[in-house]
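Below you'll find the structure, written out as structure tokens, and then a few comments.
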Amino acid sequence: QVQLVESGGGLVQAGGSLRLSCAASRITFRLNAMAWYRQAPGKQRELVAGITAGGGTNYADSVKGRFTISRDNAKSTVYLQMNSLKPEDTAVYYCFAPSFNYWGQGTQVTVSS
């Protein structure tokens, strides 16, 4: 059974920064793409950023230039560095392992104006 454990969410003022972490276990992490999604109240879950096993990245247009996804294969952890946060970034953020179709439990990010 895959395990994905997110951490790092919280309350931050607009313009601030947060770093989310997702620790994976029971998978060969270095061989797998990973992604971050988010879901705001009343909205569909959307892709925020993805990273391939080789380190290639892609981002939603709404976060390009502000968010950075990265991975540390030695720690089996994927990160999402979020800078210049906006109130519209408020959502529950989920880590996702596409090859296993498996989601983490989510971590709340709230950005106050």
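Descriptive notes on the structure:
- Selected residue (criterion: farthest from residue 94 (Cα to Cα)) from residues of region 8-40 that are assigned to a strand (DSSP E or B) and polar (S, T, N, Q): 13
- When restricted to residues that are small (Gly, Ala, Ser), touching an Asp or Glu at 6+ places or on another chain (Cβ under 9 Å) and surrounded by 15 or more Cβ atoms within 10 Å (Cβ to Cβ), region 45-94 contains 2.
- Strands (runs of 3 or more DSSP E) wholly inside region 41-113 containing at least 2 residues that are in contact (Cβ under 8 Å) with a residue 24 or more places away in the chain and of a type in the set (Ser, Thr, Tyr): 77-82, 91-97, 107-112
- Test: residue in region 7-21 that is closer than 18 Å to residue 99 by Cα and surrounded by 14 or more Cβ atoms within 10 Å (Cβ to Cβ): no
Only the coordinates and a few stated rules stand behind these numbers; no lab work does. All values derive from a computational prediction rather than experimental measurement. Note that each Cβ is placed from the backbone with ideal geometry, even for glycine, and that neighbours are counted across all protein chains shown.
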